[in-house]
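Asker: Structure provided below as structure tokens; questions to follow.
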Amino acid sequence: MSRKMIVAGGGIGGMAAALALHRAGLDVTVFERAPAFAEVGTGMSLWPNATRILQSLGVLEQVMARGELVTQFNLLRPDGRLISMVPMTGYPTPALCMHRAELHRTLYQPLPARCLETNQVFQSFTQDDGGVTAKFAGGHEVRADGLIGADGINSLIRAQLHGAEPPAYRGYCIWRGLAPDPGGLVRGHISETWGAGERFGIMPIGQARICWYATRNGPRSQPDAAEGRKAEVLELFRHWHGLIPALIEATPAASILKNDACDRPALRPWGRGVVTLLGDSAHPMTPNVGQGACMAIEDAACLAKLLPGAPNLAAAFRTYERRRQTRTAFIARQSRRIGIIGQWENPLMVRGRNFITRLVLARPPDLQLNAVYAYEV
């Protein structure tokens with residue numbers, strides 16, 4: 001009989017885990033607190049290390065049809081002058097950008113209905129020699145062989161295992177929005193513009209839509225300006241290059257999201273017994289390298305390799321954690337470091353940063369990127 005696995009959390013990480021484990025022959029069910037499986041948010045990037053796994057799961061073709069291929073990343077100054085560029089070609093599978101909801105839908109559509117449970121608010125778990133019991137609001141309990149916590153940066157499963165601590169704030173907020181494609185952008189190019197304490201990113205995500213994001217240094221949980229969120233962002237970037245003000249203008253004010261940039265310190269181990277963590281529950285990271293969802297997809301692939309046929313589920317979970325901890329901690333550190341450097345405000349430091357970044361990114365990409373993008377689980 002196939003092992004029964006519970007995945008708590010139906011976001012991208014949870015759905016990737018469910019699909020990978022289902023394709024590997026395990027009996028898996030996703031329990032999601034929302035009344036429907038509907039990923040929120042705006043755009044996201046998927047890099048070759050993740051699209052290779054999506055190909056193995058049989059969904060890459062659908063993902064490519066719904067997103068926008070990426071062939072080049074451009075780093076710019078606020079006046080539009082190029083600092084450096086990085087080509088994104090030469091990998092076995094492509095890089096692309098897409099709406100989070102499109103990837104989410106692509107991951108859960110192949111799953112049988114029996115694998116998906118909504119309106120299930122996870123509360124706690126208990127485990128014994130025979131397995132684990134997940135407890136949900138309303139007294140509902142589910143028994144299984146193993147539990148995978150994919151319930152995000154504020155994971156209740158992580159809190160039960162390791163204690164409840166707030167995420168670490170990294171000193172800046174992030175706005176995100178979606179605008180119609182105004183035309184004039186080079187197909188396949190994404191960009192990030194670095195100022196002094198502010199940044200602005202532009203990502204075409206397919207279907208004539210542009211995702212943008214913006215950052216600014218400031219205190220944690222800073223309220224919106226009196227004039228409103230959209231007006232505040234527009235004023236901040238009004239004199240930046242090209243399409244930046246126009247993209248903000250074209251974005252519905254009510255749809256602009258704002259979050260603090262947060263992550264958490266690395267854990268060792270992630271789980272205990274027949275309970276483990278995945279994605280943001282285990283290793284939340286700032287979005288500066290666009291690898292958050294990619295790391296969750298890698299986690300899912302690693303579990304799907306280790307769990308089928310493993311004689312001891314707890315031992316298999318610990319092996320999974322050891323294999324993933326070094327890489328995810330490295331990516332999280334890199335993302336945190338880029339965020340710190342990108343948010344520098346001192347004019348001398350900014351000029352030095354731009355000069356050094358141009359030299360570093362001018363090196364052959366394989367020297368610096370293969371460790372991330374050519375990685376195989």
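Any read-out appearing in this document is the output of simple, stated calculations on the displayed coordinates, not a laboratory observation. All values derive from a computational prediction rather than experimental measurement. Cβ placement follows ideal geometry from the backbone for every residue including glycine, while neighbour counts extend to all protein chains displayed.
Asker: What size of dipole, in debye to the nearest 20, comes out for the chain about its Cα centre when the only charges are +1 on Lys and Arg C-beta atoms and -1 on Asp and Glu C-beta atoms?
Answerer: For this selection, approximately 780 debye.
Asker: If I take R0 = 25 Å and measure r between the Cβ atoms of L82 and A250 in this structure, what FRET efficiency does the formula 1/(1 + (r/R0)^6) give, to the nearest 0.05?
Answerer: That gives a FRET efficiency of 0.55.
Asker: If the elastic network links every pair of Cα atoms under 10 Å, which of R23, R264, R199 fluctuates the most in the Gaussian network model of the chain?
Answerer: Result: R23 has the largest fluctuation of those listed.
Asker: With a 10 Å radius around each residue's Cβ, average the other Cβ atoms per peptide and rank 313-326, 280-293, highest first.
Answerer: Final packing ranking: 280-293, 313-326.
Asker: Which angle between 0 and 90 degrees, to the nearest 10, do you get for helix 292-306 versus the longest principal axis of the chain when only C-alpha atoms count?
Answerer: Once rounded, the angle reads 30 degrees.
Asker: Still on this structure, please answer the following. Using C-alpha positions alone, give me the convex hull volume of region 151-250 per residue in cubic angstrom.
Answerer: It is 139 Å³ per residue.
Asker: Full-extension gain between D129 and N154, please, as 0.36 nm times their residue separation minus the C-alpha to C-alpha distance.
Answerer: 6.2 nm
Asker: Using only the alpha-carbon atoms, what does region 12-166 span along each of its principal axes? Please give whole angstrom values in decreasing order.
Answerer: That gives 58, 36, 29 Å along the principal axes, largest extent first.
Asker: Restricting to DSSP H runs of at least four residues, report the calculated mean residue ellipticity at 222 nm for the chain, -39500 (n - 2.57) per run over all residues, nearest 500 deg cm²/dmol.
Answerer: After summing the helix terms and dividing by residue count, I get -10500 deg cm²/dmol.
Asker: Taking the simple approach of a point 7 Å from Cα along Cα-to-Cβ for both A208 and A315, what is their distance in nm?
Answerer: Spacing of the two 7 Å Cα→Cβ label points: 5.9 nm.
Asker: Another question, then. With a 10 Å Cβ neighbour count serving as the proxy for reagent exposure, in which order, fewest first, do R229, R176 appear?
Answerer: By the 10 Å Cβ count, ascending: R229, R176.
Asker: A follow-up question, please. Compute the label zone of S2 within region 109-142: residues whose backbone N is under 13 Å from the point 7 Å along Cα-to-Cβ.
Answerer: From region 109-142, the list is 111-116.
Asker: Can you tell me the length gained on complete extension of the stretch D27 to E235, counting 0.36 nm per residue apart and subtracting the Cα distance?
Answerer: 69.7 nm
Asker: Just rank E32, E227, E232, fewest to most, by other beta-carbon atoms within 10 angstrom.
Answerer: E227, E232, E32
Asker: Please find the FRET efficiency linking A329 to R272, where r is the Cβ-Cβ separation and R0 is fixed at 30 Å, and quote it to the nearest 0.05.
Answerer: Efficiency, from the Cβ-Cβ distance: 0.95.
Asker: Additional query: Determine the dipole magnitude for region 295-377: charges of +1 sit on the beta-carbon of Lys and Arg, -1 on that of Asp and Glu, nothing else is charged, the reference point is the Cα centre, and the result goes in debye to the nearest 20.
Answerer: 260 debye
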